[in-house]
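Nothing in this text is a laboratory measurement; each read-out follows from the coordinates by a stated rule. In this text, all values refer to a predicted model and were calculated from it rather than measured experimentally. Ideal geometry is used to build each Cβ from the backbone, glycine not excepted, and the neighbour counts take in all protein chains shown.
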């Protein structure tokens, strides 16, 4: 369990000082990282320094990690097959949810009749679909820059910089 | 008397001949229904996931080298813009737009992305008399500006109001519309730029048959979250882009009056007769006219001959 927890979320899991064990928690908080730097997708936005320890106090393991740790996820659709599944060795999102999504090999693989999970989100989708509904519900920041600041590339992408307007073909078209 | 019989025979014969030439052709074209290229690609859009961040609009602008927008792409005041009482739509500067829809009884708005739906049997394509449009085996409906004469019939034909005309250039007619990122991505098997940019994975890219299956699975596994319908599975004869919605589609301003058959089917029979009418009718009626007036002419000739003698 220790090795798998260490790879939680993305490549750079910063194992800082061990978190104090929470009382009554099923999860081995000794093993869980304090913070996780989510940076494998950062391009238009800065990496997210995710406080794992803070989130463990707000939600149970299965709320984010579904069937992989702690309590069994009792979602009726999951228990059809996973009622007796042991805790999974993989807990990191990126170990199942791929950074690249809808690439050609993945698209053709869907014709394999043995695959049940045909509708698995990519890594970016998995993060946002997992985080945003809860943030909205708990009144936590839910707009883009509430979690990650925009990079210069992002500002160019969204036409926020003066540099962008000067380099684009139709700068006269632009009213700000 | 002999002449009369000849005329009747001629009329009968010509009518039978033209009917025989017309009907087998009409029958053949009506029977040839096109169900789309096998393994063509599509996109499933799940309206329940969209948060209206407009990243897809920004990605499309960059990928297609479109002009700079009036407001930056993270300016959400555009959702309140109305033009002639209507929400934003695609035009010569944008191939896709996201609009906000406030749904009565729902505590949050829904967002709906608009772009070309890439019909299996596109009305724009069939309405174009210079064949400027092509439905590619990959699934995209692409457009060739070099043959376009700027008649804009496609804009009338499209049931989704997608093709836009570049009014800013009078001598170089060009229709501007989403091309499914055909040249830069689709031919390489890659998803379009908007799909890749979406943080919420609102759009699922894959073979149309596979994503239909996914759509059905999402409805089956979460029946409370969706209406039991995939918009685009049959609308306008089927489209490559299809939609799932948590509320009835008319509440998100989808055109639910779009027929289930390709638009072409409504005019196919009629249109197949047009060339026949144009080629046969002039000759046929000239012949009838000549025969009908021959007797008079001959009588006139006889009269004038009689009066001369």
- Message: Between residue A:96 and residue B:102, how high is the FRET efficiency from 1/(1 + (r/R0)^6) when r is the Cβ-Cβ distance and R₀ = 35 Å? Nearest 0.05.
- Response: 0.45
- Message: Considering just Cα atoms, how many Å³ per residue does the convex hull of region B:205-281 enclose?
- Response: 111 Å³
- Message: Helix B:2-31 against the longest principal axis of chain B: what's the angle in degrees, Cα atoms only, rounded to the nearest 10?
- Response: 10 degrees
- Query: Which order do B:188, B:113, A:155 fall in if you start with the one that has the fewest other Cβ atoms within 10 Å?
  - Reply: B:188, A:155, B:113
- Spherically averaged projected area in nm², based on the convex hull that wraps the Cα atoms of region B:121-208: 6.7 nm²
- In deg cm²/dmol, rounded to 500, what helix-only [θ] at 222 nm does chain B give when every DSSP H run of at least 4 residues adds -39500 (n - 2.57) and the total is split over its residues? -11500 deg cm²/dmol
- Message: With 14 Å as the cut-off, how large is the P(r) tail for region B:161-211, expressed as percent of Cα-Cα pairs?
- Response: 65 percent
- If you bin the C-alpha pair distances of region A:35-158 every 10 Å from 0, what whole percents do you get? 11, 35, 35, 17, 2
- Task: Set the Förster radius R0 to 45 Å, insert the Cβ-Cβ distance between residue A:105 and residue A:74 as r into 1/(1 + (r/R0)^6), and round the FRET efficiency to 0.05.
- Result: 0.85
- Task: Can you tell me what the convex hull of the Cα atoms of chain B projects to on average, as an area in nm²?
- Result: 24.2 nm²
- Task: Could you bin all the Cα-Cα distances of region B:161-309 into 5 Å bins starting at 0 and give me the percent of pairs in each, rounded to whole numbers?
- Result: 2, 7, 9, 11, 12, 11, 9, 6, 5, 4, 4, 4, 4, 3, 3, 3, 2, 2, 1, 0, 0
- Task: Whole Å is fine, so just give me how far the alpha carbon centre of region B:195-231 lies from that of region B:82-149.
- Result: 20 Å
- Message: I want to check the label-to-label distance for residue A:43 and residue B:260. Put each point 7 Å from Cα in the C-beta direction and report it in nm to one decimal.
- Response: 4.2 nm
- Query: In nanometres, what is the gap between the two model label sites at residue A:63 and residue B:296, each 7 Å from Cα along Cα-to-Cβ?
  - Reply: 9.5 nm
- Item | Per-pair calculated FRET efficiency, R0 = 60 Å: residue B:12 and residue B:213 via Cβ, rounded to 0.05 | 0.55
